[in-house]
1. Cα gyration tensor of the chain, axes a ≥ b ≥ c as square roots of the eigenvalues: rounded (a/c below 1.5), prolate (a/b > b/c) or oblate?
2. For region 186-229 and region 239-262, write down the distance between their C-alpha centroids in whole Å.
3. Which whole-angstrom value gives the distance between the alpha carbon centres of region 103-139 and region 15-60?
4. Where in region 230-261 are there GluC sites (Glu not before Pro) that are in a DSSP coil and have at most 11 other Cβ atoms within 10 angstrom of their Cβ?
5. Past the 32 Å Cα-Cα mark, which pairs from LYS45/LYS141; LYS2/LYS222; LYS61/LYS232?
6. Between VAL99 and SER12, what is the FRET efficiency for a Förster distance of 51 Å, r being their Cβ-Cβ separation, to the nearest 0.05?
7. Identify which of ILE34, ILE252, ILE57 has the largest mean-square fluctuation in a Gaussian network model of the chain, with springs joining Cα atoms closer than 10 Å.
8. Rounded if a/c is under 1.5, else prolate if a/b beats b/c, else oblate: with a ≥ b ≥ c from the C-alpha gyration tensor eigenvalues square-rooted, which is region 142-192?
Amino acid sequence: MKNKETIDFIVSWLLDYAKESGVNGFVVGVSGGIDSALTSTLCAKTGLPTMCLEMPIHQEKKQQNRSLLHLEWLKKNFGNVQTQSVELTQVFDAFQQTVGSDGSQENRLLSLANARARIRMTTLYYYAGVHGYLVAGTGNKVEDFGVGFYTKYGDGGVDISPIADLMKSEVQSLAKTLGVDMSIVTAAPTDGLWGDDRTDEDQLGASYPELEWAMNQRDLGKQVSDFEGRQKTVFEILEQLNKKNLHKMIPIPVCEIPNSLR
């Protein structure tokens, strides 16, 4: 990938979309991970007002430290960046207490993890509405179109997706070129929704390099039967997660009423 040219292309795309939409700037949730670090930096490079929010909810300390580190780096390097920490732990705790403990423990824990993402989405849109900004998404291509590893109407609820056509390896490469701190570039990817240090690989059962390989093989028309061993396992993981999460990637189904019933 031609990193500098790709960075310029995305920044130009962001500027054009903002101009066409008649908005004043961008708001980005910064988590301490590489995807949000890259997205926030690209938005900052437009020169438009860019609000970067850290939104901890029982956050693991290392994740929060990386988030604060990146916010400081952004402010130091971009005069158009405004940063803010919005502590959402009490909001989440109140929500958890209000909804009670129905259902199985497994489903309840997953629903609460997704609730964290949706509380953050609501917060981002509050600030976007107040300032007339667009919410910039931080999902990469593997997450958004490979395995659907995001929360519907949570981190998937955005106005624009500047890095959604970039593989994870490409995200890392562009982040290095832009000077994002190496502690963020090399950190094990995590969604940060569980209040602990579990990684994306722990949840997915495969690493991002493995999933990228599987996506490329699928694009070549390969099938599960073409592989064996670990390669077969990874390809099966991609296929199973893609099928399971396809509902996140397609438009909301609409029940279209036939003319004969009107």
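Here, each number is a calculation from the coordinates, and none is a lab measurement. Remember, it's a predicted structure, so these values are computed and weren't measured experimentally. Glycine also receives a Cβ, built like all others from the backbone with ideal geometry; neighbour counts cover every protein chain displayed.
1. Numbers: a/c = 1.27, a/b = 1.15, b/c = 1.11.
The shape class here is rounded.
2. 26 Å
3. Using only Cα atoms to place each centre, the spacing works out to 15 Å.
4. Working: sites: GLU236, GLU239, GLU256; in loops: GLU256.
Counting only loop positions with at most 11 other Cβ atoms within 10 Å, the GluC sites (Glu not before Pro) in region 230-261 are GLU256.
5. Result: LYS61/LYS232 exceed 32 Å.
6. 0.70
7. Largest GNM mean-square fluctuation: ILE252.
8. Since a/c reaches 1.5 and a/b is larger than b/c, the shape of region 142-192 is classed as prolate.
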